[in-house]
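Presented below is the structure to which this report refers.
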Amino acid sequence: MSVLLFGVSHRSAPVSVLEQLSTAESDQVKIVEQVLQSPLVTEAMILSTCNRVEIYAVVDAFHAGLSAIGQVLSEHSGMSMADLTKYAYVRYSEAAVEHLFSVASGLDSAVVGEQQVLGQVRRAYASAEANNTVGRVLHELAQRALSVGKRVHTETGIDAAGASVVSVALGIASTQLGDAALQGRTAVVIGAGSMGALSAAHLVRSGVEHIHVVNRSLPRAQRLARKIRDSGVTADAIALDQMAAALTGADVAVCCTGAVSPVVSLADVHHALAGGNRDEATQPLVICDLGMPRDVDAAVAGLPGVRVIDMDRIQREPSAQVATSDTDAAHGIVAREVATYLAGQRMAEVTPTVTALRQRAADVVTAELLRLDHRLPDLDTAQREEVARTVRRVVDKLLHAPTVRVKQLASSPGGDSYAEALRELFELDPTAVDAVATAGELPIVPGGFDVGAETGSAG
């Protein structure tokens, strides 16, 4: 069985296609359950962010597994398989491992080096674990990916050099606002989740004077507003149906909800502009739409006095890229970690064969010692034990070199053929090997690695 990845991201598709594929959290669980209905898929996990929808699955057969996953995403998005495959990419086995490690490291993000995707991978794995859709293979892969991502951010300059989507968006907003940038401005944060909290933190550091927090759940908005006030900036909480009033007089708004349709309407912005008495040329309303799908009605961008910064614009910004030396260092870590992981997996695959061989040898020794007891019943206990030790030593010494060597050879590419040769040479029963492998599966470790803050929709 191998890992198959079927994905669509900002690198392969326009925002409009990603919007069609975007999923609410409850739908993500259903998608994975549908994928697992195929008898060829034994484990599955979905990674859905503002910039990607990827399904990782353990499959028995490549083409059939690919068809099963593609069909589920086609039905969910309403896209035909032909249209979906225009924008999709597929990675299998080693390539799937390399891709997930790169994603967790921030190397495949819209803003290279941003950390938010690491939390998103963690959340995707935690969800799959909670719903019992991952087994040994994806458990080990996800855990290692989280570890690799954390190592890249710790050991390279990619974290400092690579800005988050929020900081890039607010950087563009600052240029749109002109003199003094965000200093002393009034801001609106629409969405009080983890991405909203990140946006508020950036706004506080940028020197804004007041922040309105708008959210469907008012208590959640109130909690974020309290945190903002604790940092020394005035803030209030506003219900979603009062958004137009919040936008009136605001200089910048950051929209980052998990809604599946726009929450900022053309009427909301019209109302805000009418009540703001602003000069369209010198006092524009800058709206950063970080939602996926879009939080802001597309028609808003055509209004005079409004500047909309969306994900397409952010991805074109030079500040979204990091220094070549940092990306090279990060790619180097990922490449080494992939090689180490794959070598470990190949060694793990041969271990059941080695264990089954040693068990077979032990069974033969036991049977022969029983025959010796029947043929020489007069041997005293000390003699019998010495004979037994001698026979076992002989067998152990004969098996030591080939079993150690086969593990070493198995760690190299194509190493699985050595385990197959061992099974053939010693006529090992495949069911016995499978039984050893099943008994030796690692337990799922609740919670996984602690990789820091979880965030909303940046990756």
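The values are calculated or read from the model by the stated rules, or taken from the named source; none is laboratory data. Bear in mind that the values here come from a model prediction, so they are computed numbers and not experimental data. Quick reminder, even Gly has a Cβ in these numbers, built from the backbone with ideal geometry, and neighbours come from all protein chains shown. We work out accessible area using only protein heavy atoms, side chains counted, and drop any ligands, DNA or RNA first. Shrake-Rupley method; radii C 1.70, N 1.55, O 1.52, S 1.80 Å.
Summary table
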{"quantity": "Amide H contacts of C50 (H built 1.01 Å from N, under 5 Å, at least 5 apart or other chain)", "calculated": "A458, G459"}
{"quantity": "Nitroxide proxy distance, nm - points 7 Å out along Cα→Cβ at D429 and A24", "calculated": "5.2"}
{"quantity": "FRET efficiency for A61 and A274, using Cβ-Cβ distance with R0 set to 45 Å, rounded to 0.05", "calculated": "0.15"}
{"quantity": "FRET efficiency, A329 to V387 (Cβ-Cβ, R0 41 Å, nearest 0.05)", "calculated": "0.10"}
{"quantity": "Extension gain from A339 to H374, taking 0.36 nm per residue of separation minus the Cα-Cα distance", "calculated": "7.3 nm"}
{"quantity": "Segment 332-362 residues near the modelled E94 label - backbone nitrogen below 20 Å, point 7 Å along Cα→Cβ", "calculated": "332-351"}
{"quantity": "HN-Hα J in Hz across segment 59-72 - Karplus 6.51, -1.76, 1.60, θ = phi - 60°, x for Gly and Pro", "calculated": "10, 8, 9, 4, 5, 5, x, 4, 5, 5, 5, x, 5, 5"}
{"quantity": "Distance between segment 242-318 and segment 42-120 - C-alpha centres, whole angstrom", "calculated": "31"}
{"quantity": "Value of relative contact order over segment 160-320, rounded to a whole percent, pairs C-alpha under 8 Å and six or more apart", "calculated": "25"}
{"quantity": "Counted charge near R144, where neighbours are those whose Cβ lies closer than 13 Å (Asp, Glu -1; Lys, Arg +1)", "calculated": "+2"}
{"quantity": "MRE, 222 nm, helices only [DSSP H, n ≥ 4, -39500 (n - 2.57), over the chain, to nearest 500]", "calculated": "-17500 deg cm²/dmol"}
{"quantity": "Relative contact order for the chain, counting Cα pairs under 8 Å that sit 6 or more residues apart, in percent", "calculated": "18"}
{"quantity": "Answer label, with Cα extents along the principal axes in Å calculated from the coordinates and candidates (i) 64, 58, 43; (ii) 110, 45, 41; (iii) 73, 43, 42", "calculated": "(ii)"}
{"quantity": "Student exercise, the chain dipole from Lys, Arg, Asp, Glu Cβ charges, in Debye to nearest 20", "calculated": "620"}
{"quantity": "Dipole axis of segment 160-320 (+1 Lys, Arg; -1 Asp, Glu on Cβ), positive-most option in L273, L224, S164", "calculated": "L224"}
{"quantity": "Accessible area per residue in Å² at 1.4 Å probe, computed on the chain", "calculated": "45"}
{"quantity": "For segment 2-155, alpha-carbon Rg relative to the globular expectation (2.2 N^0.38 Å, N residues)", "calculated": "0.95"}
{"quantity": "Intensity falloff of segment 160-320 expressed as log10 I(q)/I(0), Debye formula with alpha-carbon point scatterers, at q = 0.16 Å⁻¹", "calculated": "-0.82"}
{"quantity": "Using alpha carbons only: equivalent-ellipsoid semi-axes of segment 43-104, gyration tensor based, whole Å", "calculated": "19, 15, 10"}
{"quantity": "Accessible surface of the chain [probe 1.4 Å, protein heavy atoms]: carbon and sulfur percent", "calculated": "52"}
{"quantity": "Segment 235-307: Cα Rg divided by the 2.2 N^0.38 Å rule of thumb", "calculated": "1.03"}
{"quantity": "Global form of segment 121-255, assessed from the alpha-carbon gyration tensor, a/c cut-off 1.5", "calculated": "oblate"}
{"quantity": "Among beta bridges that DSSP assigns inside the chain, antiparallel share in %, nearest 5", "calculated": "45"}
{"quantity": "Total charge dipole magnitude, segment 2-155, about the Cα centre, Cβ charges on Lys, Arg, Asp, Glu only, Debye to nearest 20", "calculated": "240"}
{"quantity": "Computed E for E155/R223 - FRET, C-beta separation, R0 35 angstrom, nearest 0.05", "calculated": "0.50"}
{"quantity": "Long-range HN-HN contacts of V188 with modeled amide H, under 5 Å", "calculated": "H212, V252, A253, V254"}
{"quantity": "V308 long-range amide H proximity, modeled H, under 5 Å", "calculated": "I287"}
